[in-house]
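Take a look at this one; I'll ask things after.
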Amino acid sequence: MAGERGLALVVRQPGEVGLEERDVPRPGPGEVLIRPTMVGLCGTDLDIVAGRIDPAYIRYPLVLGHEWSGTVAERPGPGADAPAGEGLTSGTRVVGEGIVPCGHCPRCRAGQTNLCLTYDELGFTRDGAAAQFVVVQRSLVHPLAPGIGAEDAALAEPASVVYRGLSGAAIAPGWRSLVVGDGTVALLAVRLLQLWSPAETVMLGQREGQAALAAEAGAARFETDGRAAGAGYDLVVEAAGSTDAVLSAFAAARRGGTVVLLGLPPPAPDTTWSWKRRAAPTRCCRHSPPPAGAAPSCCSACRRTAPPRRSPSTTSSTTT
Ligand SMILES: [Zn+2]
Ligand SMILES: [Zn+2]
């Protein structure tokens, strides 16, 4: 692989995206070089291109791609303990987790690595998989079971997000459910909700053209009018990422009902809702260089080149 170059889909800065020829990245200790097979581009990617993402969660220039599947290009070398990556060999078909957790903050120790206090994610703050090669920490790489197609596997990341949200909502069988939104995350929500045997699942979207996909995912009805969708639902899942969708979700829930917010609505200063209440994440020193002489140690990528720190630092929180 040495000396080889490959194309990558790079957002150089907001509004400027294109294919770029780059050196094949070299995996460090405990990392795996992967050749992506299938990469999804979602609404968040469009927000990255347009510059609509909170700057605390992004580092330009970047290679897009946080939903992907691929094959191991090189047998991983020796490195950090990584049970999830055991058994990887050249040609193993895999998926990878996007968020690179620090492994020692309170959220990581609680098993909520998606909420790691140091935010670091493929396709956001480090190069993603929309390229001929991507480097991923071995512990975040999971081999695919035989028979799982590369296209289905590329949906593992958004499906995990949806499943995680739903499984935390104490859903009971027989609930009437409404999903607000009609994109991939909303369709995955309709599909995965069937695991809880709902009495019915209705989808409230905006694009009539999504009706057939909604039915295929398991929706009993697809509506584009909130009044037609009705109210009094035991469970409402917001999966559109807009302030209007959040308001519709609360309006459609019954008294005592459950609302799950999966989307990431943009800041909306003109409403009573404030989506900016989350504190900004700990910034990686690649965003803000550390003071002269200080060792970079704020994220896993930086720690590769820095001596181990004595105690973890925790300053703020984030969700994605
Ligand atoms: Zn996405
Ligand atoms: Zn952490």
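Got a number for residues in the range 116-142 being out of contact with any strand residue (DSSP E or B) (no Cβ under 6 Å at 6 or more places or on another chain) and away from ligand 2 (no atom under 16 Å from the Cβ)?
Residues that pass the stated criteria total 1.
Find the residue count for the range 19-44, including only residues that are more than 16 Å from ligand 1 (Cβ to nearest atom), surrounded by fewer than 17 Cβ atoms within 10 Å (Cβ to Cβ) and under 23 Å from the mean Cα position of the chain (by Cα).
Step one: of the range 19-44, the residues more than 16 Å from ligand 1 (Cβ to nearest atom) are 19-35, 37.
Then drop every residue that is not surrounded by fewer than 17 Cβ atoms within 10 Å (Cβ to Cβ), which leaves 19-23, 26, 28-29.
Subset that is under 23 Å from the mean Cα position of the chain (by Cα): 19.
Total satisfying the criteria: 1.
What are the residues in the range 163-193 that are within 15 Å of ligand 1 (Cβ to nearest atom) and more than 23 Å from Gly103 (Cα to Cα), if any?
Gly181, Gly183, Thr184, Val185, Ala186, Leu187, Leu188, Ala189
Further question: Checking Ala84 against (1) in a helix (DSSP H, G or I); (2) of a type in the set (A, V, I, L, M); (3) at pLDDT 90 or above, which single condition isn't satisfied?
(3)
Can you say whether Leu122 is surrounded by 19 or more Cβ atoms within 10 Å (Cβ to Cβ), within 16 Å of ligand 1 (Cβ to nearest atom) and farther than 30 Å from Asp225 by Cβ, as far as the supplied structure shows?
Values: surrounded by 19 or more Cβ atoms within 10 Å (Cβ to Cβ): yes; within 16 Å of ligand 1 (Cβ to nearest atom): yes; farther than 30 Å from Asp225 by Cβ: yes.
Criteria met by Leu122.
What do you reckon, is Val246 farther than 20 Å from Cys42 by Cβ and buried (at least 18 other Cβ atoms within 10 Å of the Cβ)?
no
Wholly within the range 118-186, which strands (runs of 3 or more DSSP E) include no fewer than the required count, namely at least 1 residues that are modelled with pLDDT of 95 or more, of a type in the set (Lys, Arg) and not assigned by TED's automatic domain parsing to the domain that holds Gly40?
176-180
Among all residue pairs at least 6 apart or on different chains, which show Cβ distances below 8 Å where the first residue, located in the range 138-160, is under 15 Å from Gly65 (Cβ atoms) and the second is of a type in the set (D, E, K, R) and outside any loop (DSSP other than H, G, I, E, B)?
Ala150/Arg93; Ala153/Arg93; Ala154/Glu67; Leu155/Glu67; Ala156/Glu67; Glu157/Glu67; Pro158/Glu67
Right, something else. Just give me the residues in the range 91-115 being in a loop (DSSP other than H, G, I, E, B) and within 10 Å of ligand 2 (Cβ to nearest atom), in sequence order. Outline the logic, then answer.
At the first step, the residues of the range 91-115 found to be in a loop (DSSP other than H, G, I, E, B) are 91-92, 97-98, 100-105, 110-112.
Once the filter is applied, which keeps residues that are in a loop (DSSP other than H, G, I, E, B) and within 10 Å of ligand 2 (Cβ to nearest atom), the range 91-115 yields Val100, Pro101, Cys102, Gly103, His104, Cys105, Ala110, Gln112.
Right, something else. Please name all residue pairs, on different chains or six or more residues apart, with Cβ atoms under 7 Å, provided the first residue is in the range 54-68 and is outside the structural domain of Val94 (by TED's automatic domain parsing) and the second residue is outside any strand (DSSP E or B) and within 16 Å of ligand 1 (Cβ to nearest atom).
none
Restricting to the range 45-77, what's the tally of residues that are within 16 Å of ligand 1 (Cβ to nearest atom) and on the phi > 0 side of the Ramachandran plot?
Counting residues in the range 45-77 that are within 16 Å of ligand 1 (Cβ to nearest atom) and on the phi > 0 side of the Ramachandran plot gives 1.
The values are calculated or read from the model by the stated rules, or taken from the named source; none is laboratory data. The structure displayed is predicted, hence computed values, not measured ones. Heads up, the Cβs are rebuilt from the backbone with ideal geometry, glycines too, and the neighbour counts pull from every protein chain shown.
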